[in-house]
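None of the figures in this text is laboratory data; all of them are computed from the coordinates on show. None of the values given here were measured: they were computed from a predicted structure. Virtual Cβ from ideal backbone geometry, glycine too; neighbours counted across all protein chains shown.
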Amino acid sequence: MADDRPSQPGLAATLSLPAIAAVSLGFLLPVLWLARMSVNPTEPGGVLREGWTANQYVELFTDSFYAELTLASLQMSATATLCALLVGYPIALFLYRLESRWKTLLVLLAICPLLVSGVVRAYGWIVILGDAGWINSMLRGAGLIDRPIRLVNNHIGVTIGLTESLLPYMTLSLLAGLGRLDRGLEEAARTLGASPLRTFLRITLPLSLPAVVLGSTICFMLAVSAFVTPRLLGGGRVLLLATEIYEQALVTLNWPLAAAIAMALLALFSVVLVASGRLQRRVAE
């Protein structure tokens, strides 16, 4: 008697149809719309015309302003990612090794900033870092400064805000990847006379490198595409790719150029993902 049950590949393909449809509607179609918009000709004032043109991409890749903007965005994102890694790694390692009934609560506290809106957190940093904020008030009260230190409306404030917003993602990514750690190897190294620093450099850090690469990749892409924090803490003085997309789309009404910048940013994400995948395979070997 013939078996009428669907084969495993056929069943898997059928069960994947809802996910494929959701991805197509939520991601592929908007990306295709952006790609088409990026080659649309425009008239002065933002009026769109039917047709095709590569003028937006020519401007994007020949104007030195956009090269400087891309470099500034990459530097800002890399700095914020590095700061989040330096702060998040000890936290994640402590939480991973913690054996206490309070471990779950501490993990929740580490990621609780995700429960607060990015706008609220940005305004909170403005209160803390402003000229009359807590930090400047304490420094002036201690007699360390005579005039306020500018910590907002510049790259310093944006870096601090981005680092804080990336920290929960970095901590979660590191916690998810620290399962490769083998405490037996660390104990063996200590038994053989290795110092805590040598044990960390030769055992702990190499085994945790895949988690470091994963967390850094996620945080870097989030930082490059961040808009709320640079817009509010930068005060319009810190220009990045995300803020430029906003300016071109809603201020100058140059939608094709905004779409072209967005497509270039998407291409940058693809390059980062490919490089991250190769790096993860190398460090995992």
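Let a ≥ b ≥ c be the square roots of the eigenvalues of the Cα gyration tensor of region 142-285; is it rounded (a/c under 1.5), or, if not, prolate (a/b larger than b/c) or oblate? Walk me through the numbers before you get to the answer.
Numbers: a/c = 4.13, a/b = 1.59, b/c = 2.59.
In terms of gyration-tensor shape, oblate.
Hey, with R₀ at 51 Å, roughly what FRET efficiency would residue 190 and residue 32 work out to, going by the Cβ-Cβ distance, to 0.05? Walk me through the numbers before you get to the answer.
Numbers: r = 56 Å, r/R0 = 1.10.
Step by step, r from the Cβ atoms, then E = 0.35.
Sort the chain into rounded, prolate or oblate with this rule: let a ≥ b ≥ c be the square roots of the eigenvalues of the Cα gyration tensor; rounded if a/c is under 1.5, and if a/c is not under 1.5, prolate when a/b is larger than b/c, oblate otherwise. Oblate. In the chain, the DSSP-assigned H stretches of four residues or longer account for a calculated mean residue ellipticity at 222 nm of -22000 deg cm²/dmol, using -39500 (n - 2.57) per stretch and the full residue count as denominator. Across 92, 12, 110, mean-square fluctuation computed from a Gaussian network of the chain (C-alpha pairs under 10 Å connected) peaks at 12. Between region 109-160 and region 17-43, the C-alpha centres lie 39 angstrom from each other. Taking the chain as a Gaussian network of alpha-carbon nodes connected by springs under 10 Å, the highest mean-square fluctuation of the residues 240, 85, 15 belongs to 15.
For the chain, set up a Gaussian network in which alpha carbons nearer than 10 Å are linked by springs, and say which option among 230, 196, 210 fluctuates the most. Looking only at 230, 196, 210, the largest GNM fluctuation is found for 196.
If you keep only loop residues by DSSP, which chymotrypsin sites (Phe, Trp or Tyr not before Pro) in region 74-177 have at most 10 other Cβ atoms within 10 Å of their Cβ? Provide the component values of the computation, followed by the final result.
Working: sites: 94, 96, 102, 123, 125, 134, 169; in loops: 102.
Listed in order of number, the matching sites are 102.
Extension gain, residue 251 to residue 94, is 51.9 nm, computed as 0.36 nm per intervening residue step minus the present C-alpha separation.
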